[in-house]
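Working notes, beginning with the structure itself.
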Amino acid sequence: MAEIFTGLPKVEYKGSGSKDPLAFKYYDAGKVVFGKPMKDHLKFAMAWWHNLCATGTDMFGPGTATKLFGAEAYGTMEHAHAKVEAAFEFMDKLGIEYFCFHDVDLVPEAADIKETNKRIDEIAEHIAEKQKTDGKKLLWDTANMFSNPRYMNGAGSSNSAEVFCFAAAQVKKGIDVSKRLGGDGYVFWGGREGYETLLNTDIGFEQENIAALMKMAVEYGRSIGFAGDFYIEPKPKEPMKHQYDFDAATAAGFLKKFGLAKDFKLNIEANHATLAGHTFQHDLRIAAVEGVFGSVDANQGDLLLGWDTDEFPFNVYDTTFAMYEILKAGGFTKGGLNFDSKSRRPSYTYEDMFKSFILGMDAFALGLIKAAALIEDGRIDAFVKERYASYETTEYGRKIRNGTATLEELAGIAEGLGAPALPGSGRQEELESIVNQVLFG
Ligand code: XUL
Ligand code: CO
């Protein structure tokens, strides 16, 4: 196959002093941080949809980028095959080891699902062939159950049992393909699993049905030997006014309520967390505390816009805090960092695709380096420990922690304490100064 990204080199690490726009300044794949090479901490993945399919179309105008990759026309199997070639050349040149896709990112969807599935098999075969020679891995795949008009009221949450069957068919195929390609995961992003008005919606009924679909997915996946993790990717809104998997806390509660937490973890997306009114760090921390931290969709939003802009990560405070949480959670096992990010509409060239990933990968490499430095510095950890010290240094504190204290006993202690001491300064500004010192030296 002829080279697609002609004139664009294999991107190398050249160090922070380099001014080469097509080189990494911080991402040095083999560099060991906390006992592991950077590439194994970060496990970068390329999202088929934004990188190979999205041309920059928005509500106000058509795409600006050409992503034919040598094919004659969009919506053809020739184009589907060209995207596979482009994917592997791109991953090779950027040094990316993983990829993710929706079923219909791979192929044009046909009117008949049997024909769509045949097309998926043909492209999966092509991908499998490329994997043999190039060794890239499927981080996760998913089914697009939000674009086709049949999903106007959701998939698992649809009012129509017929639509539910189509969702089941797509999920089944997605798991089959993940198994076929040695995938490490399968994602449910509840695109339209939500509602516009309670006047026509039975929330309890819809949530039970979503859980039923997820249970069937686990049962089917395990029955065919799929050993990957299942994920829910929380998002509060967009396209629906209100989506059921609002944020990490809501999704974790849902998993526990329906007995799904053994097989499911969360795929936390930065821009979804901020849409929910949280920081990215918050949702990562909640996932870890709930025992369901799994994978990450890396991107960033724009606080001035307030929708899901899916920008490539640039803000090093955010990537540092994200990597801080990921390191503290023990790092990725089956998950990784999928760039669910798209180049801006005016960044329409192949070169921009490369530079977008260089920005994102460098921002996360820097985040990893700085998060490791914050942990090594130790002052933040030490302060958090000290802040809760009274639960270790007093007998009543220890009893509260080990569950043996009673309300009457503690009330008696309070009466004996006289005026309570203030709980100690939170020292936020001091801690923020430490972060700046570690970040900027
Ligand atoms: C949409 C989004 C999706 C999921 C996969 O906001 O993040 O691309 O990651 O369906
Ligand atoms: Co996403």
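The values are calculated or read from the model by the stated rules, or taken from the named source; none is laboratory data. All of these numbers come straight from a predicted model, not from anything done at the bench. Don't worry about glycine lacking a Cβ; one is built from the backbone with ideal geometry, like all the others, and counts go over all protein chains shown. Quick note on the areas: whole protein, heavy atoms, side chains included, nothing else; ligands and nucleic acids left out. Shrake-Rupley method; radii C 1.70, N 1.55, O 1.52, S 1.80 Å.
Length gain on complete extension for the stretch Leu407 to Asp202, per 0.36 nm per residue less the alpha carbon to alpha carbon distance? Let's see the in-between values first.
Values: separation 205, 0.36 × 205 = 73.80 nm, distance 4.05 nm.
This chain segment gains 69.7 nm when fully extended.
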Please find, in a Gaussian network model of the chain (springs between Cα atoms separated by less than 10 Å), the residue of Met216, Met59, Met38 whose mean-square fluctuation is greatest. Met59
Return the sequence-ordered ³J(HN,Hα) values of region 313-323 in whole Hz as given by the Karplus equation 6.51 cos²θ - 1.76 cosθ + 1.60 applied to θ = phi - 60°, using x for Gly and Pro. x, 9, 7, 6, 4, 5, 5, 5, 5, 5, 5
So how far, in whole Å, is the C-alpha centre of region 338-417 from the one of region 134-164? 33 Å
Global size of region 189-341 as Cα Rg and Dmax, reported in angstrom: 15.4, 47
Determine by what factor the alpha-carbon radius of gyration of the chain differs from 2.2 N^0.38 Å, reporting the quotient. 1.06
Any idea what the dipole of region 1-99 comes to, in debye rounded to 20, about its Cα centre with Lys/Arg Cβ at +1 and Asp/Glu Cβ at -1? 500 debye
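Give me the extension gain from Leu417 to Lys328: residue separation times 0.36 nm, minus the current Cα-Cα distance, reported in nm with one decimal. Let's see the in-between values first.
Numbers: separation 89, 0.36 × 89 = 32.04 nm, distance 3.67 nm.
Extending this stretch completely gives an extra 28.4 nm.
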Could you check how much of the accessible area of the chain is carbon and sulfur, as a whole percent, using a 1.4 Å probe? 56 percent
Please compute the alpha carbon radius of gyration of region 286-441, then divide it by the globular-protein estimate 2.2 N^0.38 Å. Two decimals is fine. 1.44
Value of Rg to Rh for region 42-127 (Rh from inverse mean 1/r over Cα pairs, i.e. Kirkwood): 0.98
Once the in-chain neighbours fewer than 8 apart are removed, the lysines whose Cα is under 22 Å from Lys67 read Lys10, Lys83, Lys93, Lys130, Lys136, Lys342, Lys355
Once you put a point 7 Å from the Cα of Val32 and another 7 Å from the Cα of Arg222, both along the Cβ direction, what distance in nm separates them? 3.9 nm
Using a Gaussian network model of the chain with C-alpha springs under 10 Å, which one of Phe34, Phe188, Phe24 is most mobile by mean-square fluctuation? Phe34
Using only C-alpha atoms and all pairs of different ones, pull out the Kirkwood radius for region 1-73 in Å with one decimal. 15.5 Å
Rank Ile413, Gly367, Phe357 by how far each Cα sits towards the positive end of the charge dipole of region 330-434 (+1 on Lys, Arg Cβ; -1 on Asp, Glu Cβ) and give me just the farthest. Phe357
Taking H as built 1.01 Å from N, whose amide H comes closer than 5 Å to the amide H of Thr309, not counting residues under 5 places away? Asp302
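For region 189-276, report the % of Cα-Cα distances exceeding 22 Å. Display every interim value, and only then the final one.
Details: 1034 of 3828 pairs.
So the portion of pairs separated by more than 22 Å is 27 percent.
For the chain, which longest stretch is free of loop sites, where a loop site is one of the GluC sites (Glu not before Pro) that DSSP puts outside H, G, I, E and B and that has at most 14 other Cβ atoms within 10 Å? Don't skip to the end; give the middle numbers.
Working: sites that count: Glu3, Glu72, Glu196.
Within the chain, the longest run free of exposed GluC sites (Glu not before Pro) spans 197-441.
As a test of reading the structure, rank Asp105, Asp381 by solvent-accessible area (1.4 Å probe, protein chains only), most first. Write out the running numbers ahead of the final one.
On the way: Asp105 15, Asp381 60 Å².
Largest to smallest exposure gives the sequence Asp381, Asp105.
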Taking R0 as 51 Å and r as the Cβ-Cβ distance between Phe383 and His242, the FRET efficiency 1/(1 + (r/R0)^6), rounded to the nearest 0.05, comes to 0.85
Roughly how many whole Å is it from the C-alpha centroid of region 52-86 to that of region 216-266? 31 Å
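What is the dipole size for the chain, taken about its Cα centre, with +1 at each Lys and Arg Cβ and -1 at each Asp and Glu Cβ, in debye to the nearest 20? Could the numbers behind the result be given before it?
Working: 48 positive and 64 negative charges, 150 e Å.
In debye, rounded to 20, the chain gives about 720.
Taking 0.36 nm per intervening residue step and subtracting the Cα-Cα distance, what contour gain separates Phe314 from Ala169 on full extension? Let's see the in-between values first.
On the way: separation 145, 0.36 × 145 = 52.20 nm, distance 3.83 nm.
Stretched out fully, the Phe314 to Ala169 stretch lengthens by 48.4 nm.
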Apply the Karplus curve 6.51 cos²θ - 1.76 cosθ + 1.60, θ = phi - 60°, to the phi angles in region 216-231 and return the couplings in whole Hz, x for Gly and Pro. 4, 4, 5, 4, 5, x, 5, 5, 9, x, 6, 9, x, 8, 9, 10
Checked against the positive end of the charge dipole of region 238-316 (+1 on Cβ of Lys and Arg, -1 on Cβ of Asp and Glu, about the Cα centre), the farthest of Gly301, His282, Pro239 is His282
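Measuring with a 1.4 Å probe in the full set of protein chains, what accessible area per residue, in whole Å², belongs to the chain? Write down the numbers at each step before the final one.
Values: 20720 Å² over 441 residues.
On a per-residue basis, the chain sits at 47 Å².
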Which residue fluctuates the most in the chain, going by a Gaussian network model with Cα springs under 10 Å, if the choices are Ala382, Ala47, Ala288? Ala382
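Summing -39500 (n - 2.57) over the DSSP H runs of n ≥ 4 in the chain and dividing by its residue number, what mean residue ellipticity at 222 nm do you reach, to the nearest 500 deg cm²/dmol? Before the final figure, lay out the partial values.
Numbers: 16 runs with 201 residues, N = 441.
Mean residue ellipticity at 222 nm (helix-derived): -14500 deg cm²/dmol.
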